[in-house]
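Here is the structure we will look at.
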Amino acid sequence: MYFKVKKFILLLFIKYFYEKFSEMKLDNTDKKILNYLQQDCKQTNKELSSKLNLSVTAVYERIKKLEREKVITQNVSILDKEKVGLGFIVFCQIRLTQHSKEYLTIFETEVIKFEEVVECFHVSGEYDYLLKVVVKDMVHFRSFMVTKLTTISHIGSTQSSFNISEVKNTTAITLN
């Protein structure tokens with residue numbers, strides 16, 4: 001009896017692990033819904049249902065499933081940076097003095113607090129992190145560097161590149 005219970009618990013664990021960490025299988029209809037929503041997430045279920053030749057309820061249920069499974073993580077409005085006075089974009093490469101877990105954790109904990117940092121990636125190569133920083137102008141960027149970024153412990157060096165022009169900027173992921 002003990003071994004049957006143990007085996008049952010193991011099977012439950014495997015099932016849980018598989019469901020938790022396996023990639024969700026998207027069919028063609030799911031992909032079409034996601035492509036449409038990435039173009040305009042304010043489309044109504046009725047509009048989507050006519051594009052997909054599905055019932056409104058079917059579209060609603062599919063979207064809810066995609067949200068439940070965290071395929072859709074959020075719905076946002078994308079702002080024109082120039083019109084809100086934050087059109088100066090800087091890419092900062094950061095090198096830490098060491099690659100210890102402690103230093104990485106300290107850096108990541110601090111950098112996520114900065115509203116000027118809109119994206120942060122832990123990368124391979126010569127530098128450890130790549131930041132996308134959005135500020136008003138060079139004066140704002142200098143202030144950010146001096147009063148915020150360089151106050152984080154264990155930064156060995158930084159290198160910044162300033163945006164000349166934006167060639168492509170999209171949040172959409174094309175699903176075929």
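Kindly rank 102-114, 123-135, 74-86 from highest to lowest mean number of other beta carbons found within 10 Å of each residue.
With the highest mean Cβ count within 10 Å placed first, the list reads 123-135, 102-114, 74-86.
Working out 0.36 nm times the residue gap between F91 and S160, then minus their Cα-Cα distance, what length gain in nm do you get to one decimal?
Computed gain between F91 and S160 is 24.3 nm.
May I ask for the angle, rounded to the nearest 10°, between helix 101-111 and the longest principal axis of the chain, with both axes built from Cα atoms and the value confined to 0 to 90°?
80 degrees
Where does the chain land at 222 nm, in deg cm²/dmol rounded to the nearest 500, when only DSSP H runs of n ≥ 4 count, each adding -39500 (n - 2.57), divided by all residues?
Value at 222 nm, helices only: -13000 deg cm²/dmol.
What angle do you read, to the nearest 10 degrees and between 0 and 90, between the alpha-carbon axis of helix 28-39 and the longest principal axis of the chain?
It works out to around 30 degrees.
What is the count of Lys pairs in region 49-170 whose alpha carbons sit under 25 Å apart, if the two are 8 or more places apart or on different chains?
Within region 49-170, the lysine pair count is 25.
Figure the gain on full extension for S49 and Y127 (residue separation times 0.36 nm, minus the Cα-Cα span) and round it to one decimal in nm.
Difference between extended and current length: 23.4 nm.
If I model a spin label at N35 and E115 as a point 7 Å from the Cα along the Cα→Cβ vector, what separation in nanometres do I get?
3.8 nm
In degrees from 0 to 90, rounded to the nearest 10, what is the angle of the helix 56-68 Cα long axis to the longest principal axis of the chain?
50 degrees
For region 23-80, which trypsin sites (Lys or Arg not before Pro) pass both filters: DSSP loop (anything but H, G, I, E, B) and at most 10 other C-beta atoms within 10 Å?
Sparse-neighbourhood loop trypsin sites (Lys or Arg not before Pro): K25, K42, K70.
Since every read-out is calculated from the coordinates, none of them should be taken as a lab result. Predicted model, so just to flag it, every value in this text is computed and none were measured. All Cβ positions, even for glycine, are placed from backbone atoms using ideal geometry, and neighbour counts span all protein chains on display.
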